[in-house]
């Protein structure tokens, strides 16, 4: 019985007599002249505006906040991109808001799960805003739930603050130039 092997260059596991990998990399890996496999190049150094409609899609984002002991809390959040920044609605007593009140450092990541795998990571300091919450909450809820369910949710949600994230350091990427 022949055993599989790990190919560290491609960071994949190859089963014996197979071109399939446990990570599916064989679907878009490129063989090189020296026999190794190279992964497609990612376009990076992009601005948010270079990502097309990514920030307008109703994708879950992940918000990182910092606990008092310095460890990170990752929270899935709904968001909207408006006037050059991101809005996230929550309650003032929510753990995310408590963390940000104590330590405003935040990281937001949005990435699509299908090709071209566009994504953005925003590292910044959050501002907690208490005005305009109702309108922002309704817009965000409608974006994710549709008109009727969104309005109903917005009326019953306990959210009373908007976490405002304006670009600090932006890392944006996509694989749109790669044939996957």
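The values are calculated or read from the model by the stated rules, or taken from the named source; none is laboratory data. Only a predicted model underlies this, so the values are computations on that prediction, with no experimental measurement involved. Positions of Cβ are backbone-derived with ideal geometry, glycine not excepted, and every protein chain shown enters the neighbour counts.
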| Somewhere in the stretch 46-57, is a residue at pLDDT 95 or above, farther than 27 Å from residue 138 by Cα and in a loop (DSSP other than H, G, I, E, B)? | no
| said: Just the residues that are out of contact with any strand residue (DSSP E or B) (no Cβ under 7 Å at 6 or more places or on another chain), touching a residue at least 24 places away in the same chain (Cβ under 8 Å) and under 22 Å from residue 133 (Cβ atoms), please, taken from the stretch 94-120. | reply: 102
| query | Any residue at all in the stretch 106-115 that is in the same structural domain as residue 52 (by TED's automatic domain parsing), surrounded by 15 or more Cβ atoms within 10 Å (Cβ to Cβ) and over 30 Å from residue 44 (Cα atoms)? | reply | no
| task | Sort out which residues of the stretch 84-96 are over 10 Å from residue 165 (Cα atoms) and within 19 Å of the chain's Cα centre (by Cα), and write them in order of number. | result | 89, 90, 96
| task | Can you confirm whether the stretch 131-145 contains a residue that is in the same structural domain as residue 91 (by TED's automatic domain parsing), over 17 Å from residue 81 (Cα atoms), surrounded by 15 or more Cβ atoms within 10 Å (Cβ to Cβ) and in contact (Cβ under 8 Å) with a residue 40 or more places away in the chain? | result | no
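Return a yes/no flag: does the stretch 145-156 have any residue that is touching a strand residue (DSSP E or B) at 6+ places or on another chain (Cβ under 8 Å) and outside any strand (DSSP E or B).
no
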| request: Identify, by number, the condition in (1) in contact with a strand residue (DSSP E or B) (Cβ under 6 Å, 6 or more places away or on another chain); (2) buried (at least 16 other Cβ atoms within 10 Å of the Cβ); (3) modelled with pLDDT under 95 that residue 123 doesn't meet. | output: (3)
| request: Return the residue satisfying two criteria in turn: it lies in the stretch 162-174 and is buried (at least 19 other Cβ atoms within 10 Å of the Cβ) and under 15 Å from the mean Cα position of the chain (by Cα), and of such residues it is nearest to residue 131 (Cα to Cα). | output: 165
| field | Residues located in the stretch 140-168, provided they are out of contact with any helix residue (DSSP H, G or I) (no Cβ under 8 Å at 6 or more places or on another chain) and modelled with pLDDT under 95 | value | 168
| field | Which listed residue is at pLDDT below 95 and either out of contact with any helix residue (DSSP H, G or I) (no Cβ under 8 Å at 6 or more places or on another chain) or more than 23 Å from residue 135 (Cβ to Cβ) (or both), from 85, 35, 70 | value | 35
